[in-house]
Amino acid sequence: MKEEQLDLDELSGDELIRVLAALSSPHRLRILAALGGGRVHVSQIARDVGLSRPLVHVHLQRLEAAGLVTGSLELSEEGKAMKFFAVNAFALDLTPETLAKAAGTLTAPDEKEESR
């Protein structure tokens, strides 16, 4: 089965913000780097990046919500549930044109965001 690349240039403004926010964390960048070699179990990622498993899981949830990684639950031979993650293929080419296109699809900010 051929893996389809996530086309970040075709995202709406709100989706682009979610992806850029996910990429804005040094911890999440290290997690993506740890996944560069293929599918990895959460515990191994935690060891590789020097963070606790719960914190890694929170970061992985953010990356998964942005579409940058995919998680799958598998059973070990002992019957223990194990969560593995893999990075999704993606490319991001930010140009003034792609930003203008994305900005045109942004939803109106709520009052809370306007006060920041």
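Just so you know, in the range 49-90 the residues that are over 14 Å from the mean Cα position of the chain (by Cα) and of a type in the set (S, T, N, Q) include one that is nearest to Ala21 (Cα to Cα), and it is Ser52. Taking the numbered list (1) assigned to a helix (DSSP H, G or I); (2) farther than 30 Å from Lys101 by Cβ in turn, Leu51 passes all entries but (1). Could you tell me whether Leu16 is at pLDDT below 95 and in contact with a helix residue (DSSP H, G or I) (Cβ under 8 Å, 6 or more places away or on another chain)? Against the criterion (at pLDDT below 95 and in contact with a helix residue (DSSP H, G or I) (Cβ under 8 Å, 6 or more places away or on another chain)), Leu16 qualifies. In summary, Glu77 fulfils each of the numbered conditions (1) loosely packed, with under 15 Cβ neighbours inside 10 Å; (2) modelled with pLDDT of 90 or more; (3) not in a helix (DSSP H, G or I) with the single exception of condition (2). Going through (1) loosely packed, with under 15 Cβ neighbours inside 10 Å; (2) at pLDDT 90 or above; (3) closer than 17 Å to Val19 by Cα one by one, Asp93 falls short only on (2). Exactly one residue out of Leu106, Leu99, Leu63 is surrounded by 10 or more Cβ atoms within 10 Å (Cβ to Cβ), modelled with pLDDT under 90 and within 27 Å of Asp7 (Cβ to Cβ), and it is Leu99.
The values are calculated or read from the model by the stated rules, or taken from the named source; none is laboratory data. Bear in mind the structure is a predicted one, so any value in this text is a computation, not a measurement. All Cβ positions, even for glycine, are placed from backbone atoms using ideal geometry, and neighbour counts span all protein chains on display.
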